[in-house]
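One structure is given below, encoded as structure tokens.
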Amino acid sequence: MALLCSSSGCNNTVTSNLACPTCKKLGLDNYFCSQDCFKKNYADHKKVHAIAKKVKSLPRDGISCPQDAPAEVKLSLPDWASNFSFSGSLRPTLYSPQRIIPRTIRRPDYADHMSGVSESEQRDKRNHNNIRVYTSEELDIEYGLRHACKMGREVLDCAGKALRVGVTTDEIDRVVHEACIERDCYPSPLNYYNFPKSVCTSVNEVICHGIPDYREVQDGDIVNIDVTTYNRGGYHGDLNETFLVGDVDDEGKNLVKTSFDCLAAALDLVKPGTLYRELGTAIHKKASKSKCSVVRTYCGHGIGSLFHTMPNVPHYHKNKAKGTMKAGHVFTIEPMINLGNPGDFTWGDNWSAVTKDGKRSSQFEHTLLVTETGYELLTARENEPIMTWNDHLNTR
Ligand code: MF3
Ligand code: CO
Ligand code: CO
């Protein structure tokens, strides 16, 4: 069948592949008979974009409900999940309505974008810049990068304290949301590419980007809490930890400890002159020794004025990451380690990354600064400049 030109009033058939790039991004198929026709009608055509964006931003059906709804409603499956093919035993529930950040708190650019797009990150991507070197001024001023990371640490500690059997991940989200506000910070995940909550909570087979919901944490769960804070000075600090709740089996304990050791092993290599691609080798070695695998889809990243920027930091071996570490670089390492195969896919909520085989996954993350002699953990626990494992610290 011949395809008609999408310009209103134009009856030409489309013979080439001339699609509107904005429509493509929005998931619409609109083709034009010629570049000229497209240009002539653009003022009119672009109204389609505005409508499509509006429709996309409306809350989807069956994903959220108020906190005072009956338990059976709160715990029901979201619409997308009813015919969804799950890999493991975890299921989503509904989640609470969007939480509000007071207008007095500095907001990142994506906070008010319809699709949560960060224009500053998009610009940065187009410019293939070098990795930014942060000055001691930018790090040390009152609301500098160091402060953002310290706030992130405090907020994660609050969330960790609230975690126990029976608490919902929605309640963890509330704790994180309020702890951020108390510290004059914006919770970076909120509306980042439309992420609906203020923190990521990833349970058992969820690798990362789990959405807090009304599910109660169960005895034996492993729960990752990933906090990022954006401060008054305009800097992000990003860290996460996996917690063992109640009586976790030996396989689970080994997995969590292995993911901790993988991050520690990568940190050992950080100093000026090290290639970013070398980190994956150390992580792979540690993981293999414990018969675990390394997730390839999600990587560590540069961070600071932007949530995600250069360098890209893969955690797997034989990667082709670009760049050499230099004093002043600030980035995250956040290996995701699986009990089974490294494969992942995304749930119908468009966020939760889960293992293909349904086996559990664990992660730890720090934001770090490359110094003249090595590194500094910007998201370290107080009085703990080097990561140290303590059996009790992450057990709830
Ligand atoms: N904190 C995550 C990271 O370590 C990113 C979460 S993005 C979100 O990079 F939108 F899911 F919140
Ligand atoms: Co993170
Ligand atoms: Co990160």
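Summary table
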item: Residue that is surrounded by the fewest Cβ atoms within 10 Å (Cβ to Cβ), among those in the stretch 265-288 that are under 21 Å from the mean Cα position of the chain (by Cα) and among the hydrophobic types (A, V, I, L, M, F, W, C); result: LEU267
item: Subset of the stretch 352-396 [among the acidic types (Asp, Glu) and in a loop (DSSP other than H, G, I, E, B)]; result: ASP357, GLU372, GLU382, GLU384, ASP391
item: Single residue of the stretch 139-180 satisfying the filter (closer than 12 Å to THR201 by Cα and among the hydrophobic types (A, V, I, L, M, F, W, C)) that is surrounded by the fewest Cβ atoms within 10 Å (Cβ to Cβ); result: LEU163
item: Any hit, the stretch 162-183, residues being basic (Lys, Arg) and under 27 Å from GLU376 (Cα atoms); result: yes
item: Test result for LYS356, away from ligand 1 (no atom under 13 Å from the Cβ), at negative phi and either free of Cβ contacts under 8 Å to residues at least 40 places away in the same chain or surrounded by fewer than 21 Cβ atoms within 10 Å (Cβ to Cβ) (or both); result: yes
item: Matching entry among GLY220, GLY210 (being out of contact with any helix residue (DSSP H, G or I) (no Cβ under 6 Å at 6 or more places or on another chain), buried (at least 20 other Cβ atoms within 10 Å of the Cβ) and either assigned by TED's automatic domain parsing to the domain that holds ASP109 or under 29 Å from VAL370 (Cβ atoms) (or both)); result: GLY210
item: All positions within the stretch 247-273 that are over 19 Å from ILE207 (Cβ atoms) and without any contact (Cβ under 8 Å) to a residue 12 or more places away in the chain; result: ASP250
item: Residue pairs meeting the criteria (Cβ under 6 Å; at least 6 apart or on separate chains; first at positive phi, in the stretch 219-238; second more than 10 Å from ligand 2 (Cβ to nearest atom)); result: GLY220/GLY246; GLY220/ASP247; GLY220/VAL248; GLY234/SER305
item: Among residues of the stretch 1-54, those that are part of a helix (DSSP H, G or I), at pLDDT 90 or above and of a type in the set (A, V, I, L, M, F, W, C), counted; result: 3
item: The listed residue being closer than 28 Å to LEU306 by Cβ and without any contact (Cβ under 8 Å) to a residue 60 or more places away in the chain, out of GLU241, GLU178; result: GLU178
item: Every residue from the stretch 341-350 that is closer than 15 Å to TYR316 by Cα and buried (at least 17 other Cβ atoms within 10 Å of the Cβ); result: PRO342, ASP344
item: Number of the condition not met by LYS318 [criteria: (1) within 16 Å of ligand 3 (Cβ to nearest atom); (2) surrounded by fewer than 17 Cβ atoms within 10 Å (Cβ to Cβ)]; result: (1)
item: Residue in the stretch 248-273 that is nearest to ligand 3 (Cβ to nearest atom), counting only those that are out of contact with any Ser or Thr (no Cβ under 7 Å at 6 or more places or on another chain) and assigned to a loop (DSSP other than H, G, I, E, B); result: VAL270
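A quick yes/no check of all residues on (1) under 15 Å from ARG146 (Cβ atoms); (2) away from ligand 2 (no atom under 14 Å from the Cβ); (3) in contact (Cβ under 8 Å) with a residue 12 or more places away in the chain; (4) buried (at least 19 other Cβ atoms within 10 Å of the Cβ):
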site	(1), (2), (3), (4)
HIS329	yes, yes, yes, yes
LEU339	no, yes, yes, yes
ARG360	no, yes, yes, yes
GLY374	no, yes, yes, no
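The values are calculated or read from the model by the stated rules, or taken from the named source; none is laboratory data. Keep in mind it's a predicted model, so treat the numbers as computed, not measured. For neighbour counting, all protein chains shown are included, and Cβ atoms are generated from backbone atoms with ideal geometry for every residue, glycine included.
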